[in-house]
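Participant: Please see the structure below; I have some questions.
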Amino acid sequence: MNYELRLKATLQQPFALQAELQCGEGELLALLGPSGSGKSTVLRLIAGLQYPQSGSIELGSNVWFDQRVRLAPQQRRVGYVPQNYGLFPHMSALDNVCAGLHHLPRHEQTRQARKWLERVHLSDYSKRKPAELSGGQQQRVALARALAAEPSILLLDEPFSALDSITRESLYVQLAELKAGLKIPIIMVTHDLNEASMLADRVALIDNGRILQVGSPANVTRQPVSRRVAELVGLHNIFRSEVVVQDNAMVTLKLGRHLLKVPTKQAVLPGGYLEWVLPTDALEITTQDEIAALHGFVSNILRLGNLVRLFVRVDGGTEVFQLQAASHHHFELDQPLAFKLDVSKVHILPMV
Amino acid sequence: MDWTALWLSLKLGAMTILVLIPVALFTARFLAYRRFVGKPVAEALLAVPLVLPPTVVGYYLLVGLGNQSWLGQWLMQTTGHFLVFHFSGLLLASIIVNIPFAVQPIQRGFEAIPQDVRDAAACCGMSSLRMLFTVELPLAWPGIVTAIVLTFAHTLGEFGVVLMVGGSLPGETKTIAISIYDRVQALDFAAAGNMSLMLLVFSVVVLALANSLSRKFGRRGGYHEL
């Protein structure tokens, strides 16, 4: 039995959404995007809690939605953990897990539910009501309930957003462990890039109802396909520069009074412009006499705990680079600063 | 003490609950979860008995169901009696004026159940009916208790519409509220006082009981408190 999920959906109401994605069995796909981007809606479409205007949703050889088919959530066998977990407040943890098993005889329900509570390390809490459990425990009950019914897909809507950072860390580990034993697609909605990088095999970036890029966490952070993706994955150094010369696979960009030679596969005529991005770790402060250094002036200083972020405007240009440094160093506004740029980490954005 | 009138009032209250609450459950659930064109109008119509003087409702029932109306004539032919000045007419009137008291608390009870909880129930494979009995009703229960108590208390106290539709036939349409009025008209203040005191004590006891019942269920995890 193949459990790959394939979704292709268009929605006009209540807002425009156009999504196409796949998720293989045993794979964890993170839907990453800012609030209001439509990522939870995609999850609801997969669960059957909402229907698209057109498109198709298939799991393996089963059609869940197309022009003729329109399965209800009850017919899809999805394990769904809503954002606030959606636990039944009047039932004990055990009964909550049993709720997904009503097709089984009572003693079998209890046996299965106990097994799942044990797997999420909550055996001692089976008699407690949700209100008597901590946020992390509630999340695990919801996870146990979703998995107990042996779903064909697991959907998690911001499963860690309501938790403190210590609880979150331990639950990351737990989810990673659970994932190893699951042969179904797992789709997790999150707005946290770190979370996605840590847990997901692939990330789908959503913005404004559209999927902008799908790839491994490293792929989307190192090689964004557009300026918007670069912004969404938290890249600060995004530039647009004039092309001076291009020969072979190298292009020379004008950067104030500096020239920067970077590898590229794109053909651009001299005088044209290219957009490029740089991760913060590609920049390093160096001494003024370093030959390969770029020079500029500190235009702004932002203190962030142990770190200080420097905004450095290049000599003779308008480009402002953002660099990180340890906060025990002393910096002043308008002071000249030299820095090295690791050209191999430059990523040139594809032209649209 | 007019025991016949008290018994009639209690019977009317119980019958109103028996007929109205099941209907109110479905109406309230529909209003709570469905979006449709004209929903504000539907809600306004159901709330009208709250603001209209009961005599107005009584007037329309009298005119609409009396022996001059075609509906009244038809009812006469099929059932053998007129609804007005009859217990069944009284029951109908009581149901109509109690609609908002029954529907609104139940609707609030259903609305208070988070979307997440109902979504999770659907993904657990629960059918609508199973969801209603295992999730929605237990969680909306405080609202339902409120509706039952308000309807019952309101029926005991109803005066205007009963007088208009029912008249004051002993054992048929003469409720305790009408009986008190009758006693006062007859300057029998002792009897009126007895019955009033009895009604007062009874109302306080019922409301207190409902309050504690509702709170008990509230603690069990419901979302609504009286």
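Participant: Considering every residue within region A:271-284, establish whether at least one is over 29 Å from A:Leu232 (Cβ atoms) and not acidic (Asp, Glu).
Facilitator: yes
Participant: Separate question: Mind telling me which of the residues A:Arg227, A:Arg240, A:Arg210 ends up being within 15 Å of the chain's Cα centre (by Cα) and either surrounded by fewer than 22 Cβ atoms within 10 Å (Cβ to Cβ) or at positive phi (or both)?
Facilitator: Numbers: A:Arg227 fails: within 15 Å of the chain's Cα centre (by Cα); A:Arg240 fails: within 15 Å of the chain's Cα centre (by Cα).
Result of the check over A:Arg227, A:Arg240, A:Arg210: A:Arg210.
Participant: Follow-up question, since we're still on this one. Restricting attention to region A:189-203, which residues are over 17 Å from A:Leu235 (Cα atoms) and surrounded by 20 or more Cβ atoms within 10 Å (Cβ to Cβ)?
Facilitator: Listed by number, the residues that qualify are A:Val189, A:Thr190, A:Leu199, A:Ala200.
Participant: State which residue is nearest to B:Ala122 (Cα to Cα) when the search covers only region A:76-104 and only residues that are free of Cβ contacts under 8 Å to residues at least 12 places away in the same chain and facing another protein chain (nearest Cβ under 8 Å).
Facilitator: Top of the filtered list is A:His102.
Participant: For region A:56-75, does any single residue satisfy the condition of being free of Cβ contacts under 8 Å to residues at least 60 places away in the same chain, within 14 Å of chain B (Cβ to nearest Cβ), more than 17 Å from A:Arg6 (Cα to Cα) and buried (at least 19 other Cβ atoms within 10 Å of the Cβ)?
Facilitator: Looking for residues that are free of Cβ contacts under 8 Å to residues at least 60 places away in the same chain, within 14 Å of chain B (Cβ to nearest Cβ), more than 17 Å from A:Arg6 (Cα to Cα) and buried (at least 19 other Cβ atoms within 10 Å of the Cβ), one finds none in region A:56-75, hence no.
Participant: Tell me which residues, restricted to region A:113-128, are within 14 Å of chain B (Cβ to nearest Cβ) and under 20 Å from A:Ser170 (Cα atoms).
Facilitator: The answer is A:Trp116, and nothing else.
Participant: Whether any residue in region A:31-53 is among the basic types (Lys, Arg), more than 29 Å from A:Pro217 (Cα to Cα) and within 10 Å of chain B (Cβ to nearest Cβ) is what I want to check. Please lay out each step first, then the result.
Facilitator: Of all residues in region A:31-53, those among the basic types (Lys, Arg) come to A:39, A:44.
With more than 29 Å from A:Pro217 (Cα to Cα) added as a condition, the list becomes none.
No, region A:31-53 contains no residue that is among the basic types (Lys, Arg), more than 29 Å from A:Pro217 (Cα to Cα) and within 10 Å of chain B (Cβ to nearest Cβ).
Participant: List the number of the failed condition for A:Gly24; all other conditions in (1) touching a residue at least 40 places away in the same chain (Cβ under 8 Å); (2) within 13 Å of another protein chain (Cβ to nearest Cβ) hold.
Facilitator: (2)
Participant: Checking the structure you have, find out if any residue of region B:167-186 is surrounded by 16 or more Cβ atoms within 10 Å (Cβ to Cβ) and closer than 30 Å to A:Leu87 by Cα.
Facilitator: no
Participant: Answer yes or no: is there a residue in region A:197-206 that is part of a loop (DSSP other than H, G, I, E, B) and touching a residue at least 12 places away in the same chain (Cβ under 8 Å). Steps first, answer last, please.
Facilitator: To start, the set of residues in region A:197-206 that are part of a loop (DSSP other than H, G, I, E, B) comprises A:200-201.
Cutting the leftovers down to touching a residue at least 12 places away in the same chain (Cβ under 8 Å) gives us A:200-201.
Yes, some residue in region A:197-206 is part of a loop (DSSP other than H, G, I, E, B) and touching a residue at least 12 places away in the same chain (Cβ under 8 Å).
Participant: Still on this structure, please answer the following. For the list (1) in a strand (DSSP E or B); (2) more than 15 Å from A:Pro350 (Cβ to Cβ), I need the number of the one condition that A:Asp281 fails.
Facilitator: (1)
Participant: Another question about this same structure. Would you say B:Leu62 is within 28 Å of B:Gly157 (Cβ to Cβ) and either touching a residue at least 60 places away in the same chain (Cβ under 8 Å) or among the charged types (D, E, K, R) (or both)?
Facilitator: Yes: the conditions hold for B:Leu62.
Participant: Here's a follow-up. Working only within region B:105-119, note down all residues that are at pLDDT 95 or above and among the polar types (S, T, N, Q).
Facilitator: Within region B:105-119, B:Gln107 is the sole residue that qualifies.
Participant: Also, quick follow-up: So A:Val173 fits all but one of (1) over 21 Å from A:Val42 (Cα atoms); (2) away from chain B (no Cβ under 14 Å); (3) surrounded by 16 or more Cβ atoms within 10 Å (Cβ to Cβ); (4) among the β-branched types (Val, Ile, Thr); what number is the exception?
Facilitator: (3)
Participant: Of the conditions (1) part of a helix (DSSP H, G or I); (2) over 20 Å from B:Ser127 (Cα atoms); (3) more than 8 Å from every other protein chain (Cβ to nearest Cβ), A:Leu156 satisfies every one except a single condition; which number is it?
Facilitator: Status for A:Leu156: all satisfied but (1).
Participant: Now for a separate question. State the number of residues belonging to region B:95-136 that are in a helix (DSSP H, G or I), facing another protein chain (nearest Cβ under 10 Å) and either surrounded by fewer than 19 Cβ atoms within 10 Å (Cβ to Cβ) or not acidic (Asp, Glu) (or both).
Facilitator: 13
Participant: Does A:His121 fit the bill of being part of a loop (DSSP other than H, G, I, E, B), surrounded by fewer than 19 Cβ atoms within 10 Å (Cβ to Cβ), at positive phi and not polar (S, T, N, Q)?
Facilitator: Values: part of a loop (DSSP other than H, G, I, E, B): yes; surrounded by fewer than 19 Cβ atoms within 10 Å (Cβ to Cβ): yes; at positive phi: yes; not polar (S, T, N, Q): yes.
Judged against the criteria, A:His121 is a match.
Participant: Something else now. Only one residue in A:Ala149, A:Ala131 is facing another protein chain (nearest Cβ under 9 Å), over 30 Å from A:Gln22 (Cα atoms) and either at pLDDT below 95 or surrounded by fewer than 16 Cβ atoms within 10 Å (Cβ to Cβ) (or both), so which one is that?
Facilitator: Just one listed residue meets the conditions, A:Ala131.
Participant: Looking at region A:14-52 only, could you name the residues that are surrounded by fewer than 16 Cβ atoms within 10 Å (Cβ to Cβ) and of a type in the set (Asp, Glu)?
Facilitator: A:Glu20
The values are calculated or read from the model by the stated rules, or taken from the named source; none is laboratory data. Everything numeric here is computed off the predicted structure, so don't read it as measured data. Because the Cβ atoms are built from the backbone with ideal geometry, glycine has one as well, and the counts that use them run over all protein chains shown.
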